[in-house]
Amino acid sequence: MSVTGFSPQTTKPTLSRTNVTCPICGQATEPLYRIERFKPELDIWHCPSCKLQMQATMPERLEDLYSEDYYSGKADYTYKDERKQERFERFVWKARLNRIKEFVPAPADFLDVGCAYGGLALEAASMGYSSQGLDLSGHAVNEAKKRGLKAKQGRITDGLFAPRSIDIVTMIEVIEHLEDPQASLAELSRMIRPGGLLVIQTANFEGQQAKRGGSNYHYYLPGHLFYFSKSNLTRLLRANGFSKTLFFPGVEFGLLPKLLKSRGNFQTPRDYAKWLRISWYHAMSKLAAGSFAMTSAMVLYAFRDSE
């Protein structure tokens with residue numbers, strides 16, 4: 001679930017409950033930032049113990065953020081329609097799947113959570129996986145089905161998948177959108193077979209990029225409800241039956257797929273100068289050790305414990 005932009009003037013989600021305790025360690029949370037570039041403003045609170053950040057209030061109906069307008073670019077809070085540049089997106093999908101198959105090769109049961117129009121899951125199917133998709137948006141699910149993907153509409157916590165029925169679950173820029181990450185990971189633990197793989201890509205708020213950005217960091221968005229770090233996300237995974245994790249600063253594949261993907265947005269030969277910025281960021285993202293990371297991009301591979 002990738003977000004391309006937000007105009008703060010017109011999107012006004014209905015807000016409901018207030019977060020008061022941390023879902024990871026149960027501590028009372030405290031105010032951290034008020035993000036005033038959005039209307040209504042975003043109140044970001046954080047846990048003083050594990051440093052998890054979260055929006056103080058949640059949308060009453062999360063589905064309202066992900067209407068057809070969200071996927072078509074007509075809403076203020078919008079998604080990049082992968083179908084328009086799919087031959088370029090495929091470079092990254094293939095690179096990710098080639099890394100995944102090192103741990104869980106095909107044939108295996110593959111589920112992409114937040115599948116949107118199904119590009120990653122369909123690419124997995126082309127590589128021999130038995131692929132499915134899950135998305136909260138009925139519009140996205142219907143479009144994915146038209147493309148031949150077996151897709152379901154709903155939340156992870158809706159119990160739509162049988163216990164021990166999935167070998168690989170991918171959540172690419174999705175966990176930050178979930179209203180209840182603890183309950184979601186508990187359900188994923190139920191769904192994934194022992195030894196199975198959960199792939200999570202999200203921002204790392206221990207990274208220097210996020211720390212330097214403060215309240216201006218671009219990842220603070222209306223649909224992003226929780227903000228993790230390598231440390232607290234690993235803690236949450238281990239509490240839910242994923243004791244073995246692998247941390248990849250930046251992404252788990254090399255620079256070339258990212259460069260090739262970027263060509264989908266190029267208009268003139270001068271656009272190739274953007275490769276310098278992409279290459280620099282990729283190199284900086286690899287400067288990480290322990291809890292230190294230069295950038296705030298991360299991928300975590302988590303393996304379901306044997307029973």
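The values are calculated or read from the model by the stated rules, or taken from the named source; none is laboratory data. Note that this is a predicted model, so its numbers are computed, not measured. Please note: Cβ atoms are built from the backbone with ideal geometry, for glycine as well, and neighbour counts cover all protein chains shown.
Tabulated data
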| item | result |
| --- | --- |
| Whichever residue in segment 138-150 is over 21 Å from ALA162 (Cβ atoms), in contact with a Gly (Cβ under 9 Å, 6 or more places away or on another chain) and not charged (D, E, K, R) and, among such residues, is surrounded by the most Cβ atoms within 10 Å (Cβ to Cβ) | ALA140 |
| Failed condition for GLU89, given (1) within 24 Å of LYS145 (Cα to Cα); (2) of a type outside the set (A, V, I, L, M); (3) in contact with a Ser or Thr (Cβ under 9 Å, 6 or more places away or on another chain) | (3) |
| Scan of segment 24-59 for residues that are part of a loop (DSSP other than H, G, I, E, B) and surrounded by fewer than 17 Cβ atoms within 10 Å (Cβ to Cβ), ordered by number | CYS25, GLY26, GLN27, GLU36, ARG37, LYS39, PRO40, GLU41, PRO48, SER49 |
| Segment 286-300: number of residues that are out of contact with any helix residue (DSSP H, G or I) (no Cβ under 7 Å at 6 or more places or on another chain) and more than 9 Å from ASN204 (Cβ to Cβ) | 6 |
| Single unsatisfied condition, PRO222 versus (1) within 17 Å of the chain's Cα centre (by Cα); (2) at pLDDT 95 or above | (2) |
| Criterion violated by ARG212 - all others in (1) under 24 Å from CYS22 (Cα atoms); (2) touching a residue at least 12 places away in the same chain (Cβ under 8 Å); (3) not β-branched (Val, Ile, Thr) satisfied | (2) |
| Residue identified as touching a strand residue (DSSP E or B) at 6+ places or on another chain (Cβ under 9 Å), free of Cβ contacts under 8 Å to residues at least 12 places away in the same chain and within 20 Å of ILE200 (Cβ to Cβ) among ASP135, ASP109, ASP158, ASP167 | ASP158 |
| Qualifying residues in segment 182-214 (those that are hydroxyl-bearing (Ser, Thr, Tyr) and under 16 Å from the mean Cα position of the chain (by Cα)) - the one surrounded by the most Cβ atoms within 10 Å (Cβ to Cβ) | THR202 |
| Meets criteria (modelled with pLDDT under 90, β-branched (Val, Ile, Thr), closer than 30 Å to LEU120 by Cα and not in a strand (DSSP E or B)) for THR4 | no |
| Segment 121-136, residues that are within 15 Å of ARG83 (Cβ to Cβ) and buried (at least 24 other Cβ atoms within 10 Å of the Cβ) | ALA121, GLY133, ASP135 |
| Given (1) buried (at least 21 other Cβ atoms within 10 Å of the Cβ); (2) modelled with pLDDT of 95 or more; (3) farther than 14 Å from ILE168 by Cβ; (4) of a type outside the set (A, V, I, L, M), index of the condition PHE91 fails | (1) |
| Given (1) under 22 Å from ARG90 (Cα atoms); (2) surrounded by fewer than 18 Cβ atoms within 10 Å (Cβ to Cβ); (3) free of Cβ contacts under 8 Å to residues at least 60 places away in the same chain; (4) touching a helix residue (DSSP H, G or I) at 6+ places or on another chain (Cβ under 9 Å), number of the condition GLY250 does not satisfy | (2) |
| Test: residue in segment 238-261 that is in contact with a strand residue (DSSP E or B) (Cβ under 6 Å, 6 or more places away or on another chain) and on the phi > 0 side of the Ramachandran plot | yes |
| Any hit, segment 175-191, residues being in contact (Cβ under 8 Å) with a residue 12 or more places away in the chain, at positive phi and touching a Pro at 6+ places or on another chain (Cβ under 7 Å) | no |
| Members of segment 160-178 that are touching a helix residue (DSSP H, G or I) at 6+ places or on another chain (Cβ under 7 Å) and either farther than 19 Å from SER137 by Cα or surrounded by fewer than 16 Cβ atoms within 10 Å (Cβ to Cβ) (or both) | PRO163, SER165, ILE166, ILE168 |
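Yes or no, residue by residue, for (1) closer than 28 Å to PRO163 by Cα; (2) of a type in the set (A, V, I, L, M); (3) crowded, with 20+ Cβ neighbours inside 10 Å:
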{"residue": "ASN232", "(1), (2), (3)": "yes, no, yes"}
{"residue": "LEU236", "(1), (2), (3)": "yes, yes, yes"}
{"residue": "ALA239", "(1), (2), (3)": "yes, yes, no"}
{"residue": "GLY290", "(1), (2), (3)": "no, no, no"}
{"residue": "PHE303", "(1), (2), (3)": "yes, no, yes"}
